[in-house]
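Accompanying notes for the structure given below.
The values are calculated or read from the model by the stated rules, or taken from the named source; none is laboratory data. The structure presented is a predicted model; accordingly, all values stated were derived computationally and were not measured. No Cβ is skipped: glycine too gets one built from the backbone with ideal geometry, and neighbour counts run over all protein chains shown. Ligands, DNA and RNA are excluded from the accessible area calculation, which covers all protein heavy atoms including side chains. Shrake-Rupley method; radii C 1.70, N 1.55, O 1.52, S 1.80 Å.
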Amino acid sequence: MNELAFLRDTVGPGPAGTAGSNAQHATPALAEADRLMTVCNSCRYCEGLCAVFPAMEMRRSFSDGDLNYLANLCHNCGACYYDCQFSPPHEFSVHVPATLAQVRTESYAQYVWPRAFAGVFARNGLFIAIALAVAVAGFIAGFVAWTDTGVLLGTHTGPGAFYKLMPHNTMVLIFGAAALFAVLAIGMGIRAFWRDIGEPDGALRDTGSVWQAMKDAGRLRHLGGSGAGCMNEGERASNRRRAYHHLTFYGFMLCFASTSTATLYHYLLGMQAPYPWYDLPVVLGTVGGIGLVIGPIGLLHEKWRRDPDLSEGTPFGMDVAFLLMLLLTSITGLALLVLRATPAMGLLLALHLGVVFALFVTMPYGKFVHGIYRLLALVRAARELKH
């Protein structure tokens, strides 16, 4: 009872209470996160669940940068919500997953570049839908306007078949520019996040911490609480979300490897796409594409089944829009692979290129960035444990 009284006096009875450090924060969500971290720092019952609580315990007070770091370190497995003795309807109303999800979402807008795009995170689903529609319509209109109808609806096979519909140099120029813009925008966001959480630029040269973070991210080590799995529909843990995340991530990486291999084929070996079904770019793309169908569908299914209490603070539209973009990229790519030797190839190529272009240009302004910031948060967590 003495501990409860101390906490009540220190942090207040609920979300309306003052932050534990009495610090001024930029947003109400950050102030609430400060209050919750103060409660959790006094309790420490959940310290073995994930990386967030050991990182929290290294601090007596929490700046905005610290809270953004902890929020992006959280994998939203939900274990602490069910384990916490102070979770709602307790008067302290400690809901760490929901609060950190809200802080995490706000951090995407805070670090975005250019700053003028900060507002797109508030209506992310609409933004991505418009970008997708404009990109697909633009590529189809371009194909129709600049390609003879007989060529557009004709059957083309063999090396260089795709480039009869769009010249290779034109394709490289368009997608190279989109990729460079995405890399620049994401790189500026990385710089802002890294500096805001108090880390010097040179810290990213700590290869040991970077390697540990990559291993943790590659295994999704923290998407399962203390190891039993992720909470979704209720208190029973499951590894389904981890499996679907793996399929999505490694499917994406295999598709990236496929594109990279095809680039090497073209410039180093002088071999033009499309390639035979047994060639490495096609094998990598096919396996990756299948992963990018099963993974996003599984994650969407899990999202609809998720306990509403665990979905609080999570931007539903942003999550769904990103998963649908990945799914459309894979489906159109696989359809193009299957039907590339038919008259449907021309329109399918335009459709696929439009979807991929929209994916590229919206990457810095959607859920894609959560993986980047989470990896950086894991690097800092590894450095803290190391030093």
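Annotations
- Residue check for ALA161: of a type in the set (Gly, Ala, Ser) and closer than 13 Å to TYR111 by Cα: no
- Of all residues in region 338-352, those satisfying the criterion of being buried (at least 16 other Cβ atoms within 10 Å of the Cβ) and touching a residue at least 60 places away in the same chain (Cβ under 8 Å) are ARG340, MET345, GLY346, LEU347, LEU349, ALA350, LEU351.
- Qualifying residues in region 49-67 (those that are part of a loop (DSSP other than H, G, I, E, B) and farther than 21 Å from ASP83 by Cα) - the one most open to solvent (accessible area, probe 1.4 Å): ARG60
- Output for region 128-168, where each listed residue is under 30 Å from ALA118 (Cβ atoms), touching a helix residue (DSSP H, G or I) at 6+ places or on another chain (Cβ under 9 Å) and among the aliphatic types (A, V, I, L, M): ILE128, ALA129, ALA131, LEU132, ALA133, VAL134, ALA135, VAL136, ALA137
- Of all positions in region 280-293, at least one carries a residue that is within 27 Å of THR105 (Cβ to Cβ), of a type outside the set (Gly, Ala, Ser) and assigned to a helix (DSSP H, G or I).
- Restricting ALA237, ALA257 to those that are out of contact with any strand residue (DSSP E or B) (no Cβ under 7 Å at 6 or more places or on another chain) and among the hydrophobic types (A, V, I, L, M, F, W, C) reduces the list to ALA257.
- Contacts under 8 angstrom Cβ, first residue in region 179-195 being under 16 Å from SER107 (Cβ atoms) and free of Cβ contacts under 8 Å to residues at least 12 places away in the same chain, partner open to solvent by 30 Å² or more (accessible area, probe 1.4 Å) and assigned to a helix (DSSP H, G or I), 6 or more apart: ARG191/ASP201; ARG195/ASP201
- Test: residue in region 96-116 that is open to solvent by less than 20 Å² (accessible area, probe 1.4 Å), outside any helix (DSSP H, G or I) and modelled with pLDDT of 90 or more: yes
- Residue check for THR248: farther than 19 Å from ILE331 by Cα and in contact with a helix residue (DSSP H, G or I) (Cβ under 9 Å, 6 or more places away or on another chain): no
- Scope region 73-86; condition part of a loop (DSSP other than H, G, I, E, B), out of contact with any strand residue (DSSP E or B) (no Cβ under 7 Å at 6 or more places or on another chain) and either of a type in the set (S, T, N, Q) or under 24 Å from LEU299 (Cα atoms) (or both); matching residues: CYS74, HIS75, ASN76, GLN85
- The set of residues in region 214-271 that are touching a His at 6+ places or on another chain (Cβ under 9 Å) and more than 27 Å from CYS77 (Cβ to Cβ) contains only HIS266.
- Residue in region 122-139 that is assigned to a helix (DSSP H, G or I), basic (Lys, Arg) and either surrounded by fewer than 18 Cβ atoms within 10 Å (Cβ to Cβ) or free of Cβ contacts under 8 Å to residues at least 12 places away in the same chain (or both) present: no
- Contacts under 6 angstrom Cβ, first residue in region 263-287 being among the aromatic types (Phe, Trp, Tyr), partner open to solvent by less than 40 Å² (accessible area, probe 1.4 Å), 6 or more apart: TYR275/PRO281; TYR275/VAL282
- Identity of the residue in region 291-325, among the charged types (D, E, K, R) and open to solvent by less than 20 Å² (accessible area, probe 1.4 Å), that ends up farthest from ARG242 (Cα to Cα): ASP319
- Restricting attention to region 66-113, the residues being without any contact (Cβ under 8 Å) to a residue 60 or more places away in the chain and on the phi > 0 side of the Ramachandran plot number 0.
- Within region 141-167, if we keep just the residues that are over 22 Å from PHE357 (Cα atoms) and in a helix (DSSP H, G or I), the residue that is most open to solvent (accessible area, probe 1.4 Å) turns out to be THR149.
- LEU70 meets all of the listed conditions (1) within 22 Å of MET188 (Cα to Cα); (2) outside any helix (DSSP H, G or I) but one, namely (2).
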